[in-house]
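The values are calculated or read from the model by the stated rules, or taken from the named source; none is laboratory data. Worth saying up front: this structure is predicted, and the values here are computed from it rather than measured. Counting neighbours? That spans all protein chains shown, and the Cβs are built from the backbone with ideal geometry, glycine included.
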Amino acid sequence: MVLRVLRAVCRLLANHCIALKPRMALFRASGIRIGNGAVVNMDVKFVDDYETGLIEIGDRAAVAPGATFVAVSHPNHSRLSRLGSLSTSAKIVVRPDAWIGVNAIVLAGLTIGRGAVVGAGAVVTRDVPDLAVVQGVPAKVVRQIELDLDE
């Protein structure tokens, strides 16, 4: 319980921290795995019940303001909670060099491929392939990027 409270405080501070390096350190302290050179902007929402490792952001990935990652979802105290099948808890992985646009939503259990781009406001309901550009609700592949990421 105490650890969750500390992680929640770190997350709150991270979302209001203007300086990049302290923001990344606070997000990491809150349980988000963030790779080298990755940038997670302010006002990003991570819904993971403060469990370490449920959300992983790869090296050099970029996450724009307002993006939301929903790794855990349940009906809380609603009578619907009697139906355990409605609850979800699954890892989200953003591979290296991916870019998550403003206000995009990434749902539980998904992988955003290496070098993929998630357009602003998209709702990602399926895995995104490497070097794909997705947009819309639900997000759909609109094009492939021609780029050698190994150079």
Here, strands (runs of 3 or more DSSP E) confined to the range 1-73 with at least 1 residues that are modelled with pLDDT of 95 or more and among the hydroxyl-bearing types (Ser, Thr, Tyr) are 68-70
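Considering only the range 18-34, state which residues are touching a helix residue (DSSP H, G or I) at 6+ places or on another chain (Cβ under 7 Å) and within 21 Å of Trp99 (Cβ to Cβ). I'd like the intermediate steps shown before the answer.
Going residue by residue through the range 18-34, those that are touching a helix residue (DSSP H, G or I) at 6+ places or on another chain (Cβ under 7 Å) are 23, 26-27, 29-31, 34.
Selection gives Arg23, Phe27, Ile34.
Search the range 84-143 for residues being in a loop (DSSP other than H, G, I, E, B), among the β-branched types (Val, Ile, Thr) and touching a Pro at 6+ places or on another chain (Cβ under 7 Å), and hand back the single one that is nearest to Asp48 (Cα to Cα). Outline the logic, then answer.
Here is the first cut: in the range 84-143, the ones in a loop (DSSP other than H, G, I, E, B) are 87, 90-91, 95-98, 101-104, 108-110, 113-116, 119-122, 125-127, 129-131, 136-139.
When the remaining residues are screened for being among the β-branched types (Val, Ile, Thr), the result is 102, 125, 137.
Retained after the next criterion (residues that are touching a Pro at 6+ places or on another chain (Cβ under 7 Å)): 102, 125.
Working: Val102: 20, Thr125: 17 Å.
Ranking the candidates gives Thr125 first.
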Report yes if some residue within the range 106-126 is modelled with pLDDT under 95 and polar (S, T, N, Q); otherwise report no. no
Residue pairs within 8 Å by beta carbon, gap of at least six or interchain, first lying in the range 82-100 and under 18 Å from Val124 (Cα atoms), second of a type in the set (Phe, Trp, Tyr) and modelled with pLDDT of 95 or more, listed first then second, are Ile92/Phe69
